[in-house]
Amino acid sequence: MTDGQAQRLLTKYEGSGKGWFWETGVDGSLSYVSPNILSARERHERMPISLPDLIDNDASLAERASERSLSFYLTSRLPFEGLVLKAQGHDDLWWSLTGEPVYDDAGRYKGFVGFAFDLTDQKKSEIKLLQLARYDSLTTLPNRDTMRETLENSLVSSMHRRQRCATMMLDLDRFKLVNDTLGHPVGDQLLKEVAGRLVKIVADRGKVGRLGGDEFQLVFADICDGAALSAIASDIIHALSQPYLIQSHLVSIGASVGIATSDYDDRSAVDLVRDADLALYAAKAAGKGTYRFFAPDMHEQARVRQQIEEDMQRALERGEFHVAYQPVVHTASGALTGFEALVRWTHPTRGAVSPAIFIPAAEEAGLIAEIGEWVLRTACMEAAKWPAPVSVAVNISPIQFAHQALPSVVASALAYAGLPADRLELEITEGALLNETAKTRAAIGTLKGLGVKIALDDFGTGYSSLSYLKSIPFDKIKIDQSFIKGATLPGNNNAPIIKAIVGLAADLGMITTAEGVETDDQLALVRSLGCTLIQGYIYGRPLDPQSALERSRQSSAQAMGHRRERAKRRRIMRTGQIMARSAGQAVRLRNMSRTGAMVETGLTLEVGERIALDIGLAAPLDAEVRWVKNGQAGVQFLQAIDLDAVLLTKPRRAFSTFVPSYLSAESDQMFADKQRLDPKSFGRD
């Protein structure tokens, strides 16, 4: 190859932008650099310059911390090869430089010569691979590995600073239902919007990452205060629960949060994540849409839960499940109209396992569809033995309802049992109707086509809008027992809500069932409000199949319950003073509720007597004695109280000066009586 050919090839290579050549003099300044590296203006203004002037030294050293700098090689006159360097003044231009010192025949140093080639495309690929390895491709949030590293660094830093750090595990409630009903594209967009809301809430206080699916993690390196973490969790739950408008769909979801804080022990990042996961499970078990802090006893609960899930795998084949039947009665006539089938589990060693425990476990373990189908078939077989028109109602979980085979399963169960379709009622909750679609309406239409009835269960406790009532032909609305409980107690607004639901159902041509009716006053209330049917302990607890068969043959049901509803008691013990008929004495209150308590006192009380109780609140409680027995009495407060406020107040330790609203002239005698009190008679909480 001639010198001219070589020169032409070198010039062409330089012009391609893929590489360039350089040469320095003895003083280190560039005596030659390829034309494409410096513009004509830069050459005029900046020459002579040194090779390091072309390099972003900070970025280059950060990239290859173990490498020596370019200046070191040049000043030490040492050859170098493949030195990765970032161009000065360019965001994304990278070079690989190679150079060696040059000496003349006499051994005198003349400078450096070398070449470079463009690494920009390679670096972009590396950055992209790093992005994929460390960040979630959908939301661009840090992924599981990055969040684990972040938490590990926070743990190390917090130990040095003698502080604590915290992590939160977050799960989206009802996200799977969005994916199943609206499709994955909508679900993906929803996850992006959730990520955006999380980053906005957390801001610079912590780091947000996505672990996969609908799981997110938050790490707070400098926040460990319970109140601060509670406030953040509450803000997150509130923000994520606001509706999302995605592809013309108004989507509503929720969030549950588990929180774990580090202590100065040997717990690793893996341990802390596990603890936060246990707290998250507790939050979901508490009804979702809430948060829980980790507590040590959650480990034992997790072990028991895991054992229950394992035992449940074999419970069906071992015949440990059974179905109980709770009566449903016509409000006006008292006639039995049907039963609701309720699945129960009797464990061979644990005994009866609460449905509140094993139903969520069955849903998580993927067993709910199998158990649900067994309940459906069993209930249909039993109902076929009952006289017409006594019907049976069977709960269908959202997971069952979303399954395409449900209409076929229902048709098969009816045919095998020989039960007329109009004697079967399927109960679905509002959760199954989240983001109601044509698919949802088609499934209900198919079931209605079979002749079965459809009831909306637990109405008012879900999260769907009322829009589905316009398009889905429900036969019945079941008013959740949470509205029935407390409806007859003072200061409660449940009765107007029940009345509104009954009116809504009537306008839509639907009947109503009041769930959880237990007392005579509740029965009278729901009758007066126009509820069609009643279900609750007042007409009997769930029955075994034989007892249900016998009850089905009776023409009417008799109400058997307490005369009036009593507010839920809490195990609160409080000391104070009681005042009655101008006399005062120490008193101890037990098992308090919003409307009353059981008191222990040495005073002789009479049923119907008015008294006053000073237990440390802002004002004494006026009350009426309802029963008396052996130094104890049941009292009803004339106005409902806030039990949480009672817990926050300091109990009375000494007799306070107060006059009940119904005492006046006898107060002087009362103050004289109090002087005779023995201070030792005051108890302690």
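Every number in this text was worked out from the coordinates using simple rules, so none of it is lab data. Computed from a predicted model, the values in this text were never measured in an experiment. Cβ coordinates were reconstructed from backbone atoms using ideal geometry, including for glycine residues, and neighbour counts include every protein chain displayed.
Judged by the ratio a/c of the largest to the smallest principal axis of the C-alpha gyration tensor, region 255-311 counts as oblate, that ratio being 1.5 or greater while a/b is no larger than b/c.
Peptides 158-164, 621-627 ranked from most to least packed give 621-627, 158-164, packing being the mean of other C-beta atoms within 10 angstrom over each peptide's residues. Each Lys or Arg adds one and each Asp or Glu subtracts one; over the other residues with Cβ under 13 Å from the Cβ of L191, this totals -2. Computed over neighbours whose Cβ is under 13 Å from that of I611, the net charge equals -2, Lys and Arg +1, Asp and Glu -1. Maximal additional length on extending the N493-S230 stretch stands at 91.8 nm, based on 0.36 nm per residue less the C-alpha distance. Distance between the 7 Å Cα→Cβ label points at S333 and K439: 4.2 nm. Distant-in-sequence amide contacts of Q585, defined by a placed amide H-H separation under 5 Å and a gap of 5 or more residues or a different chain, comprise I578. Measuring nothing but how far apart in sequence close Cα pairs (under 8 Å, 6+ apart) lie, relative to its length, region 274-410 scores a relative contact order of 19 percent.
Comparing Cα centroids, region 85-132 and region 590-614 end up 89 angstrom apart.
Once the piece of chain linking E193 and T98 is laid out straight, how much longer is it, given 0.36 nm per residue of separation minus the C-alpha distance between them?
29.4 nm
Rounded, prolate or oblate: which one fits region 194-350, using the alpha carbon gyration tensor with axes a ≥ b ≥ c (rounded when a/c is under 1.5, else prolate when a/b beats b/c, else oblate)?
Because a/c hits 1.5 or more and a/b fails to exceed b/c, region 194-350 counts as oblate.
Using only the Cα atoms of region 332-410, build the gyration tensor, take square roots of its eigenvalues as a ≥ b ≥ c, and label the shape rounded, prolate or oblate: rounded if a/c is under 1.5, else prolate if a/b is larger than b/c, else oblate. Oblate is the answer for region 332-410, as a/c is 1.5 or above yet b/c matches or exceeds a/b.
Full extension of the chain between Y416 and D271 gives 47.0 nm of extra length, using 0.36 nm per residue less the Cα-Cα distance.
Would you mind checking the pairs K18/K110; K439/K476; K86/K123 and listing those with alpha carbons more than 19 angstrom apart? Over 19 Å Cα-Cα: K18/K110; K439/K476. The label-point distance for Y13 and R626, in a model that sets each label 7 Å from Cα toward Cβ, rounds to 9.9 nm.
When each of the peptides 530-541, 339-350, 511-522 is scored by the mean number of other C-beta atoms lying within 10 Å of its residues, the order from highest to lowest reads 511-522, 530-541, 339-350. Peptide packing: for 384-391, 49-56, the average count of neighbouring Cβ atoms within 10 Å per residue gives the ranking 49-56, 384-391, highest mean first. What FRET efficiency would be calculated for the residue pair H322, R571, taking the C-beta separation as r and a Förster radius of 22 Å, to the nearest 0.05? Approximately 0.10, to the nearest 0.05.
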